[in-house]
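Report on the structure given below.
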């Protein structure tokens, strides 16, 4: 019984810390997501996508460079701090020309970026 109570308290404390309850601030974030396509319009699995900060949001520690691999539907996503900021996304995969785009985040929102890669000749 005591172990159950301790685990319950640990869960509540963890939940409070994760939500920012201890700081009096609500943790908010934005999502930069997108899809990578092949020339014919089909999803491209296994593309390496990097996100880096071009212009950080004011008053927020900028995130480190992040990396994702597109899934079977060509999709990827990143969590970034909410607030007006500009991010650079670069995509590369063997056999295709790399591509770079920017994403502008203004608040706690989702911003979608799409890539249609060209095959290397």
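Please treat every number below as a calculation from the coordinates, not as lab data. Please read all numbers here as calculations on a predicted model, not as lab measurements. Every residue, glycine as well, gets a Cβ built from its backbone with ideal geometry; the counts of neighbours run over all protein chains shown.
In this simple spin-label approximation, residue 114 and residue 100 carry label points 7 Å from Cα along the Cα→Cβ vector, and these lie 2.3 nm apart.
When you count the other C-beta atoms within 10 angstrom of each residue and take the mean per peptide, 76-84, 99-107 line up highest first as 76-84, 99-107.
Packing here is the average count of other Cβ atoms within 10 Å per residue, and on that basis the peptides 112-121, 27-36, highest first, run 27-36, 112-121.
Using the alpha-carbon positions of the stretch 27-116, Rg (one decimal) and Dmax (whole number) come out as 13.0, 43 Å. Fully extending the segment from residue 29 to residue 54 would add 7.3 nm, taking 0.36 nm per residue of separation and subtracting the current Cα-Cα distance.
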